[in-house]
Amino acid sequence: MLNIIKKSFTVLLFLTVLNAQEIKEISKSEIEQINKLNLIKKAEIKVTKAFDMGNIFVLDSIIQGKPQELFLTKDKKLLIAGNVMNVNSGEPITLPVDLSHTLGKEALTYGNGKDEYILFTDPECQYCKKFEAFFPKLEKHVKIRVFFFPLSFHNNARDLSIYFMSKKTNKEKIKAMLNTNADSKEFKNREISKEKLAKLEKSLEEQMIIARNLNVRGTPTLFDSNGKKIIWIELLRKYNIQ
């Protein structure tokens with residue numbers, strides 16, 4: 001059991017009664033009680049915050065120095081490390097996060113709508129590209145602050161991110177992101193001075209640190225303005241985009 005928790009073994013639990021309105025942060029005394037549970041102590045888990053979501057607790061936890069969401073049944077007998085999903089919407093249940101520290105750190109901004117979102121994307125992620133294909137239809141509805149989070153197994157993702165960020169204007173950055181890939185002539189022939197490259201690499205590293213601190217593990221990862229993680233397909237449904 002201890003090894004399962006430490007390895008974050010994936011478990012799917014489908015819940016029937018979960019709504020955003022039901023989220024309620026529990027008291028410090030209740031958190032202390034949770035931290036005293038035998039399994040929590042043995043696995044060296046530190047629960048910093050916990051939320052009551054109707055029929056399950058969502059735990060904001062630290063395991064071996066890394067943040068992770070865990071789920072605890074109301075009888076406090078089952079601790080779940082993995083994905084918990086709402087059976088009605090299919091959305092993963094996650095804790096809202098504080099996004100205030102992300103302001104002004106984005107690589108670019110897309111759209112002129114009133115609804116604001118934050119996106120972590122990888123230039124060589126096929127699912128990111130599928131989402132980005134709908135950007136023109138979303139433009140009037142949303143304002144998306146875009147952060148780059150190149151994954152290590154995508155060979156050109158880091159260099160592409162830096163290339164997009166090297167463009168002078170926000171409009172040029174958007175155009176590069178939506179139309180350029182590793183085989184594009186303009187990318188292969190790019191010229192960036194050492195001084196500018198150092199600044200861009202620093203900015204990209206800051207974006208990646210923000211992603212890790214928000215427990216972003218893959219792309220695309222999307223948050224709404226309240227810090228709630230959402231699936232991009234749900235965004236299309238919200239605005240009736242096909």
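Things worth noting here:
- From Glu201, Glu132, Glu116, Glu191, residue being crowded, with 19+ Cβ neighbours inside 10 Å and acidic (Asp, Glu): Glu132
- Helices (runs of 4 or more DSSP H) contained in the range 162-219 and holding at least 3 residues in contact (Cβ under 8 Å) with a residue 12 or more places away in the chain: 170-179, 194-213
- If you go through the range 64-88 and keep only what is open to solvent by less than 20 Å² (accessible area, probe 1.4 Å) and modelled with pLDDT of 85 or more, you end up with Leu70, Phe71, Leu72.
- Single residue of Lys46, Lys77 found to be under 18 Å from Glu30 (Cβ atoms) and assigned to a loop (DSSP other than H, G, I, E, B): Lys77
- Within the range 207-223, the presence of at least one residue that is within 19 Å of Ala133 (Cβ to Cβ) and polar (S, T, N, Q) is confirmed.
- Within the range 98-110, considering residues that are surrounded by fewer than 20 Cβ atoms within 10 Å (Cβ to Cβ) and more than 18 Å from Val216 (Cα to Cα), the one modelled with the lowest pLDDT: Gly104
The values are calculated or read from the model by the stated rules, or taken from the named source; none is laboratory data. Computed from a prediction, not measured in an experiment: that's the story for all the values here. Quick reminder, even Gly has a Cβ in these numbers, built from the backbone with ideal geometry, and neighbours come from all protein chains shown. Note: areas computed on protein heavy atoms with side chains; ligands, DNA, RNA excluded. Shrake-Rupley method; radii C 1.70, N 1.55, O 1.52, S 1.80 Å.
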